[in-house]
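K.L.:
First the structure, which I've put down as structure tokens, then a few questions once you've had a look.
The values are calculated or read from the model by the stated rules, or taken from the named source; none is laboratory data. Being a predicted model, the structure only gives us computed values, none of them experimental. Note that we place each Cβ from the backbone using ideal geometry, even for glycine, and neighbour counts take in every protein chain shown.
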Amino acid sequence: MSQVKKRLTDEERAERRRADREFAREAVERLRTSEGWQTWLASRRHFHRYTLTNQLLIAMQRSDATRVAGFRAWLKLGYAVRRGQKAIRIWVPIPPSRKRVEKWVRAGSNPDEKPCTYFKLGPVFDREQVEPLPAPARPVPLDAPVREIAGDDLAPVLPCLIELARQIGSRVVFEAMSGQRRGYYVLESRRIAVRHDISPNAQVKTLIHELAHALLRAEPCEDDPALEQAAEELVVELVAFTVCGSLGLDSSGYSIPFLASWAERGDIDTIEQTAGLIDRVARRIENATTISENERSDAERHARG
């Protein structure tokens, strides 16, 4: 016999919402330390399509997570959550019920009274918490390719980045450079220069870094924190790190500066705004580099002749 789910009182629902908001705020508080920033950025590489809040929630609860899904979603992928696993809680949309929508339609479909989707903390599980279903199920492969900095398999991404630069009024040139220099951005002329004699993958990495500089200037938001030169370089480095990770580019040798003292003494609203700025600029670049696997394969074949 199934149990009837107890209906919560208005006070109980309000208390649950308060607790959920506090739980999400705790995730932002983790950014007060360098370790918190590194955990979030490493996690964001895998979850860049999620909201900033959900990225932070995943990083707080399971820092080694690389792919999450709900219980039923894993079943569709050919996996089952192992018994006894503790769920990760993230914000999930709860659309209005069909009955509520039908009632709204019968009442005249007043746009001001349309039932809304709301969000609540719901359970998801990481790939390390599931196991493949037995035959005849065919579990979907979960491992993404890792691309070496010396490789050329990201060459098809270069035209996408060049086009994004053009859209924001910048021009990309490839030229000879001395020493260890790989690229630079000239604010006055909006010129982005990339070293011509490094591998295509290295050019992608460099161009992402310089594009982040250009985007900070070209597409500012009134909620962005004021950045001094050192802070801007930090933000750009963090954008490049997480975008390269989302493209599968090996970042094991990536040097990331973290301002621990700034994070520890900073105002929490400024810290959250900075994280939002990093996420927004990174997402802008990631969206520009999204091409289908067929397009990527065609471009790679064309590059090989």
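Yes/no matrix, rows are residues, columns are (1) in contact (Cβ under 8 Å) with a residue 40 or more places away in the chain; (2) closer than 19 Å to I271 by Cβ; (3) under 19 Å from the mean Cα position of the chain (by Cα):
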{"site": "R21", "(1), (2), (3)": "no, yes, no"}
{"site": "Q61", "(1), (2), (3)": "no, no, yes"}
{"site": "A107", "(1), (2), (3)": "no, no, no"}
{"site": "N110", "(1), (2), (3)": "no, no, no"}
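K.L.:
If you go through segment 185-192 one residue at a time, do you hit one that is at pLDDT below 95, over 23 Å from R283 (Cβ atoms), buried (at least 16 other Cβ atoms within 10 Å of the Cβ) and out of contact with any His (no Cβ under 9 Å at 6 or more places or on another chain)?
P.N.:
no
K.L.:
For residues in segment 251-273 being buried (at least 16 other Cβ atoms within 10 Å of the Cβ) and under 17 Å from S43 (Cα atoms), which is modelled with the lowest pLDDT?
P.N.:
Among those residues, the one meeting the criterion is F258.
K.L.:
On to the next question. Test of understanding: among T66, T33, which residue is among the β-branched types (V, I, T), farther than 18 Å from L121 by Cα and out of contact with any strand residue (DSSP E or B) (no Cβ under 8 Å at 6 or more places or on another chain)?
P.N.:
On the way: T66 fails: out of contact with any strand residue (DSSP E or B) (no Cβ under 8 Å at 6 or more places or on another chain).
Testing whether each residue is among the β-branched types (V, I, T), farther than 18 Å from L121 by Cα and out of contact with any strand residue (DSSP E or B) (no Cβ under 8 Å at 6 or more places or on another chain) leaves just T33.
K.L.:
Just checking, how many residues over segment 60-80 are under 10 Å from L133 (Cβ atoms), hydrophobic (A, V, I, L, M, F, W, C) and in contact with a Lys or Arg (Cβ under 7 Å, 6 or more places away or on another chain)? Walk me through it before giving the result.
P.N.:
Step one: of segment 60-80, the residues under 10 Å from L133 (Cβ atoms) are 74-75, 77-80.
Filter once more, keeping what is hydrophobic (A, V, I, L, M, F, W, C): 74-75, 77, 80.
Within this subset, residues satisfying the condition of being in contact with a Lys or Arg (Cβ under 7 Å, 6 or more places away or on another chain) are none.
Matching residues across segment 60-80 total 0.
K.L.:
Mind listing just one residue for me: the one in segment 77-126 that is of a type in the set (V, I, T) and assigned to a helix (DSSP H, G or I) and, of those, nearest to R67 (Cα to Cα)? Walk me through it before giving the result.
P.N.:
Within segment 77-126, the subset of a type in the set (V, I, T) is 81, 88, 90, 92, 94, 101, 105, 117, 124.
The next check asks that each one be assigned to a helix (DSSP H, G or I); those that pass are 101, 105.
Numbers: V101: 33, V105: 38 Å.
If we take residues in segment 77-126 being of a type in the set (V, I, T) and assigned to a helix (DSSP H, G or I), then V101 is nearest to R67 (Cα to Cα).
K.L.:
For the list (1) closer than 19 Å to T290 by Cα; (2) surrounded by fewer than 22 Cβ atoms within 10 Å (Cβ to Cβ); (3) at pLDDT below 95, I need the number of the one condition that K205 fails.
P.N.:
(2)
K.L.:
What are the residue pairs meeting all of these: first residue in segment 168-187, first residue under 18 Å from P200 (Cβ atoms), second residue hydroxyl-bearing (S, T, Y), Cβ atoms under 8 Å, and 6 or more apart or on different chains?
P.N.:
Once the first residue is under 18 Å from P200 (Cβ atoms) and sits in segment 168-187, its partners that are hydroxyl-bearing (S, T, Y) give R182/T206; G183/T206.
K.L.:
Next question. Could you go through segment 95-111 and let me know if any residue there is surrounded by fewer than 17 Cβ atoms within 10 Å (Cβ to Cβ), within 22 Å of D20 (Cα to Cα) and at pLDDT 90 or above.
P.N.:
Scanning segment 95-111 turns up no residue that is surrounded by fewer than 17 Cβ atoms within 10 Å (Cβ to Cβ), within 22 Å of D20 (Cα to Cα) and at pLDDT 90 or above.
K.L.:
Within segment 169-231, which strands (runs of 3 or more DSSP E) (wholly inside it) include 1 or more residues that are within 24 Å of the chain's Cα centre (by Cα), over 22 Å from G245 (Cβ atoms) and not assigned by TED's automatic domain parsing to the domain that holds N287?
P.N.:
Details: elements: 171-175, 183-186, 191-195.
So the answer is none; nothing clears 1.
K.L.:
In this structure, does V28 turn out to be touching a Leu at 6+ places or on another chain (Cβ under 8 Å) and part of a helix (DSSP H, G or I)? Let's see the steps before the verdict.
P.N.:
Working: touching a Leu at 6+ places or on another chain (Cβ under 8 Å): yes; part of a helix (DSSP H, G or I): yes.
It is true that V28 is touching a Leu at 6+ places or on another chain (Cβ under 8 Å) and part of a helix (DSSP H, G or I).
K.L.:
Would you mind stating whether R49 is basic (K, R), out of contact with any Cys (no Cβ under 9 Å at 6 or more places or on another chain) and assigned to a helix (DSSP H, G or I)? Reasoning before the result, please.
P.N.:
Working: basic (K, R): yes; out of contact with any Cys (no Cβ under 9 Å at 6 or more places or on another chain): yes; assigned to a helix (DSSP H, G or I): no.
No: the conditions fail for R49.
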